[in-house]
Structures are given as C-alpha cells and as structure tokens.
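Questions regarding the structure given below will be posed in turn.
The values are calculated or read from the model by the stated rules, or taken from the named source; none is laboratory data. Keep in mind it's a predicted model, so treat the numbers as computed, not measured. Cβ placement follows ideal geometry from the backbone for every residue including glycine, while neighbour counts extend to all protein chains displayed.
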Amino acid sequence: MSDVYVMGIDMIRFGRYPERSVPQLGAEAALLALDDAGVTIQDVEALFCGNLMQASGMVGQRILQEIGQTGIAVTNSSNACATGATAFREGWTAIKAGLYDLVLVVGVEQLGKAGLLGGRGDGRGIPKEGLLGSGTMPAVFAEAGMEHSRKYGTTFEQFAKVSVKNHHHSVKNSKSMYQKETPLEMVMSAEMIAYPNTKLMCSVNVDGAASAVLASEKKARELGMGRAVRVKASVLTSDPYTERDLVMPDVNTCTRRAAQQAYAMAGVGPGDLDLVELHDCFATAEILHYENLGLCADGEAGKLIDEGETAHGGRIPVNVSGGLLSKGHPLGATGVANIYEVSTHLRGEAGERQVEGARIGLTHVIGLGSACGIHILEKVA
C-alpha cells in the first residue's frame, strides 16, 4: 500500500463570519490548500468533507458549487469534535486502498452563535433530565478534572496554567481567533463556568475552515516532495462498553486506545514526538491528555505544566497554535486545523512560533459519544 502525503494544507483565520455561508468558508480553505499544493480542483479525484451542524447536509457538494463541480465522488462526515479528523482519515484510507492518487479534504463549521450545547437545532432546548448539569460539556470536563485532582492532587492553579500557556502561544498565530496574553491571576479570577474551569479555560465557539490535499507516493513524487509531509499513522477509535455510570463519562479511554494504536502504526513512541496539537476543549482536558497520550506518567501532568515542558521551547511543546482555548473550536474544522499546524512546523514554515528541528508531530481530537482521531505526521525532506 502506498504511503500518503500532505501536499497542500491551509486554513482561514478562525473568527466570526455571520455574513458568509458554510460552503463559502469551506471553499476559501479548499482554494488555499489547492494553491498550496500547486494543483486545481480539476486534478482532484475525490472530496471528503467534515461538518457537524449543517442540518441540510451535503456540505461537500455545496463547496464544489463554489469552486468547480467536476463530477467527483463526495463523502460527508459527521463525528462530533472528531469530524474533521474523520474526514481526513477517510481521504487517507481511500488513497491507502488504491482508489485515488489525489484527494481534497475540507473541515468546516459555523459555530460563532452557538450556545452552551453548540446548538441543538431540534427546538427542544435543554432536557431537564440527564443533561442539565453533568451532561453539558463544561460540566463533564470539570468533573474529569476534579477526578484527576482527587487521584493526583492536581490544583486549580495547574489547570489555569494551561490557559496561560496557550494564550501566550496564540500571540504569534495570526490565524487564531484571540491573540492575547492572559496572566495567571486573570485566568483564575475570570467568571467560573464549572469548577475548576473559568471562562478563560474554555474553548471558543467560532466559525472556521481548514483543508488539505492528500496524495499517493506516486502522485507526490510527480508533484515534488520538497514540502511533502508523510502521514505515518491515522487512527480512529470509539469506546468499548464498560460498566460505568454515564452521568460522568470516561474521557480518557478512547484517547488511550487511539494513542497505543497510532504509536504502533507509526513505529514511534511519545519520546519521538517534537510537538503535539491536542484537544484542549477545556484546560482540564489538556492536563488529562498529557497522560492519555503518554507524554508523561499518570499523575505527573501537573508537574509537566509547572516545569514548562509543554510550552514553546520546552521538552514537548503542546498547542503552539494557541490551542482551542485561543484559536477557537469550529467542530468540523478542528481536526484538519490541528494537522495544518503540525504540518506547518514540519515544513519549517511556522515563523515566530516555529518549533526548531521538528520532524515528527502528533494531532489529537476527541468527540464524546465517542470518537477519537489521532494522526502522526513526519517531515520528508
């Protein structure tokens, strides 16, 4: 089976675009990625689109109406926060299977006006039973953080330091929704959403789109390998059944299973990674995923953030883009945007936020429900 390469990849600046449609946002990102790869829509053999919130569906076809309807196969994916990563993996799988040599992946979402639940769209509002409280995402990840505190003594301040770090990183990312420093005192004194997560420790609802052009090795060599990024692993998992009280979902198992599979597929371990873009939907989540991804031993995540090991310039920089806490979290676009960030560093094109000497990076997203997508990427040239 052929290796798969990222030949072009880009994203629009995440923000609020109420005057634009979802297909228009996706089309802009698609054209950016095509230009980056030096190809046109006429060269593309299939399109894989990720979008979660558009009730009318068929977003991929509507994107083609903006950039060129060439009659190619279009697949639309919806998989909670892992939607974009799922679309990327579908494109990867199609090339691995030998069906295509060049495909386009687009992740897109318009979430700027979403509320606490990200917009239900069914007119029912918030159910009184089984959701109000522990079923909302802020509460789920607050509970998970408090469970980590109970087991390992992780403190409110350590969770807050994640937000300080990621907002500091965002200052150097022009495509981030927010580019603003948030000192520790500001983070800890912000409006409390669900302890220990304050408002500045929660990801941002934004509009956004990201896109990638994937190629087989044959096609990649034809186009030129100078800026190519190899996809060493692409993994998607769901949770197995466990006898656990679903009032407090286990947010760790899905990631741990995916990480084990991804490391095995890529033939690398956590110690080989040069940078990570992980799913910091809340500050508590980033702490948990340090351990879930094997960046440190269980119980040592607090120490990792205290000692600055996950900051830019540290042993294993995490969310140098600013993460979802600063960049924003347009659900369908997030997985592809994470791959854009890591690919940009592997190409040596990240400017002021460049992780020097980066050769291998990992991206991670998780959608409760459940789906976890992990990709391991490698510099080629």
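Taking the options E307, E277, E286, name whichever one is within 29 Å of E143 (Cβ to Cβ) and free of Cβ contacts under 8 Å to residues at least 60 places away in the same chain.
E307
Okay, next question. Test each condition in (1) crowded, with 20+ Cβ neighbours inside 10 Å; (2) assigned to a helix (DSSP H, G or I); (3) not aromatic (F, W, Y) for C49 and report the one that comes out false.
(2)
Return only the number of the condition from (1) at pLDDT below 95; (2) farther than 28 Å from C281 by Cβ; (3) under 22 Å from the mean Cα position of the chain (by Cα) that L31 does not satisfy.
Failing condition for L31: (1).
Here's something else I'd like to know. Within region 312-327, how many residues turn out to be part of a loop (DSSP other than H, G, I, E, B) and either among the basic types (K, R) or in contact with a strand residue (DSSP E or B) (Cβ under 8 Å, 6 or more places away or on another chain) (or both)? Give the derivation first.
Taking region 312-327 and keeping what is part of a loop (DSSP other than H, G, I, E, B), we get 312-317, 319-322, 327.
Then drop every residue that is not either among the basic types (K, R) or in contact with a strand residue (DSSP E or B) (Cβ under 8 Å, 6 or more places away or on another chain) (or both), which leaves 315-317, 319-321, 327.
So the answer is 7.
Separate question: Here is a check on your reading of the model: is I316 surrounded by fewer than 24 Cβ atoms within 10 Å (Cβ to Cβ) and more than 25 Å from K199 (Cα to Cα)?
Yes; evaluated as a whole, the condition is true for this residue.
Could you give me the residue pairs with C-beta distances under 6 Å whose first residue belongs to region 63-85 and is at positive phi, whose second residue is among the aliphatic types (A, V, I, L, M) wherever it lies, and which are 6+ apart or on separate chains?
These pairs meet every condition: G68/I41; A80/A371.
Under 6 Å by Cβ, and 6 or more places apart or on different chains, what pairs join a residue from region 253-270 that is assigned by TED's automatic domain parsing to the domain that holds S370 with one that is among the acidic types (D, E) and surrounded by fewer than 22 Cβ atoms within 10 Å (Cβ to Cβ)?
Close Cβ pairs (under 6 Å, with a partner that is among the acidic types (D, E) and surrounded by fewer than 22 Cβ atoms within 10 Å (Cβ to Cβ)) amount to T253/D239; C254/D239.
Any chance you could count how many residues in region 136-179 are hydroxyl-bearing (S, T, Y) and over 13 Å from L324 (Cα atoms)?
Within region 136-179, the first condition is being hydroxyl-bearing (S, T, Y), and the residues that meet it are 136, 149, 152, 154-155, 163, 170, 174, 176, 178.
Filter once more, so that each one left must be over 13 Å from L324 (Cα atoms): 136, 149, 152, 154-155, 174.
Total meeting the criteria: 6.
Is it the case that region 11-33 has a residue that's in contact with an Asp or Glu (Cβ under 9 Å, 6 or more places away or on another chain) and closer than 22 Å to C372 by Cα?
Yes, that holds for at least one residue.
Considering (1) over 30 Å from A46 (Cα atoms); (2) in a helix (DSSP H, G or I); (3) touching a helix residue (DSSP H, G or I) at 6+ places or on another chain (Cβ under 8 Å), say which one T255 fails and leave the rest.
Tallying (1) over 30 Å from A46 (Cα atoms); (2) in a helix (DSSP H, G or I); (3) touching a helix residue (DSSP H, G or I) at 6+ places or on another chain (Cβ under 8 Å), T255 fails exactly one: (1).
Is it the case, given these coordinates, that S370 is at pLDDT 95 or above, among the polar types (S, T, N, Q) and either in contact with a His (Cβ under 9 Å, 6 or more places away or on another chain) or surrounded by fewer than 24 Cβ atoms within 10 Å (Cβ to Cβ) (or both)?
no
Those residues that are assigned to a loop (DSSP other than H, G, I, E, B), at positive phi and surrounded by fewer than 21 Cβ atoms within 10 Å (Cβ to Cβ), I need them from region 328-365; list them, please. Let's see the steps before the verdict.
Within region 328-365, the first condition is being assigned to a loop (DSSP other than H, G, I, E, B), and the residues that meet it are 328-330, 347-350, 354-359.
If we keep only those that are at positive phi as well, we get 328, 348, 357.
If the condition is that a residue be assigned to a loop (DSSP other than H, G, I, E, B), at positive phi and surrounded by fewer than 21 Cβ atoms within 10 Å (Cβ to Cβ), then G348, G357 are the ones that fit.
Between E217, E243, E222, which is surrounded by fewer than 21 Cβ atoms within 10 Å (Cβ to Cβ) and not assigned by TED's automatic domain parsing to the domain that holds V59?
Every option except E243 fails the conditions.
Counting only residues that are among the acidic types (D, E) and either in contact with a Lys or Arg (Cβ under 6 Å, 6 or more places away or on another chain) or not in a helix (DSSP H, G or I) (or both), how many does region 290-305 have?
Within region 290-305, residues that are among the acidic types (D, E) and either in contact with a Lys or Arg (Cβ under 6 Å, 6 or more places away or on another chain) or not in a helix (DSSP H, G or I) (or both) number 2.
Quickly run through region 83-108 and pick out the residues that are of a type in the set (D, E, K, R) and either more than 22 Å from the chain's Cα centre (by Cα) or surrounded by fewer than 24 Cβ atoms within 10 Å (Cβ to Cβ) (or both).
E90, K96, D101, listed by residue number.
On to the next question. Within region 168-181, how many residues turn out to be surrounded by fewer than 22 Cβ atoms within 10 Å (Cβ to Cβ) and polar (S, T, N, Q)?
Residues in region 168-181 being surrounded by fewer than 22 Cβ atoms within 10 Å (Cβ to Cβ) and polar (S, T, N, Q): 2 in total.
Can I ask one more? Run E147 past the list (1) without any contact (Cβ under 8 Å) to a residue 40 or more places away in the chain; (2) crowded, with 17+ Cβ neighbours inside 10 Å and report the number of the one that doesn't hold.
For E147, the exception is condition (1).
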